[in-house]
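Comments concern the structure below.
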Amino acid sequence: MIKSVNSKDFENEVVDSSRPVIVDFFAPWCSPCKMLAPVIDEIGAEFENTLDIAKVNIDTDAEIADYYSVSSVPTLILIKDGKEKVRFSGVMPKDSLVSKMMEYLNE
């Protein structure tokens, strides 16, 4: 499931989630973010029973990006049990992203 989150619901939807969450930090003006969006959609559909995906717009929710020290977009952070497990920056192929992510999902 892919959902947009903001500072009001981030803790409830991400930190306190019973499922792992991939947080997609993006900006509407970011070309690499637009390139990565279909990959995120595919991962969301493929793993809909395993994890959630939360999208955070760094322009409107900069405090979340600051808290996680996100300095460039796109940045993906896998949060499991309320803790950051791994992060990826930039555009990467779906297969690479999924294989690296699976290491942490299977912990």
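The values are calculated or read from the model by the stated rules, or taken from the named source; none is laboratory data. It should be emphasised that the depicted structure is a prediction, and the values quoted were computed from it without experimental measurement. Reconstructed Cβ throughout: ideal geometry from the backbone, glycine too, with neighbour counts over all protein chains shown. SASA here: full protein model, heavy atoms, side chains in, ligands and nucleic acids out. Shrake-Rupley method; radii C 1.70, N 1.55, O 1.52, S 1.80 Å.
Miscellaneous remarks
- Note that region 50-99 presents 47 Å² accessible area per residue, ligands and nucleic acids not counted, probe 1.4 Å.
- In Hz, Karplus ³J(HN,Hα) per residue of region 11-17 (6.51, -1.76, 1.60; θ = phi - 60°; x = Gly, Pro): 4, 5, 7, 10, 5, 8, 5
- For region 41-81, the calculated P(r), taken from all Cα-Cα distances in 10 Å bins from zero up to the bin holding the longest distance, is 25, 47, 27, 0 percent.
- Computed with a 1.4 Å probe on the full set of protein chains, the accessible area for SER4 sits at about 100 Å².
- Exceeding the 18 Å Cα-Cα cut-off - candidates LYS34/LYS85; LYS80/LYS100; LYS8/LYS85; LYS34/LYS94; LYS55/LYS100: LYS34/LYS85; LYS8/LYS85; LYS55/LYS100
- Ranking of TYR67, TYR104 by solvent-accessible surface, largest first: TYR67, TYR104 (1.4 Å probe, protein heavy atoms only, all chains present).
- GLU103 paired with LYS3, simple spin-label distance in nm, labels 7 Å along Cα-to-beta-carbon: 3.0
- Solvent accessible area, Å² - GLU48, 1.4 Å probe, full protein context: 110
- With all protein chains in place and ligands, DNA and RNA left out, the 1.4 Å accessible area ranks MET92, MET35 as MET35, MET92, largest first.
- Within region 1-50, chymotrypsin sites (Phe, Trp or Tyr not before Pro) in DSSP loop having at most 16 other beta-carbon neighbours inside 10 Å: TRP29
- Cα extents of region 55-107 along the three principal axes, largest first (Å): 31, 26, 15
- Estimated from helical segments only, the mean residue ellipticity of the chain at 222 nm is -9500 deg cm²/dmol, where each DSSP H run of four or more residues counts as -39500 (n - 2.57).
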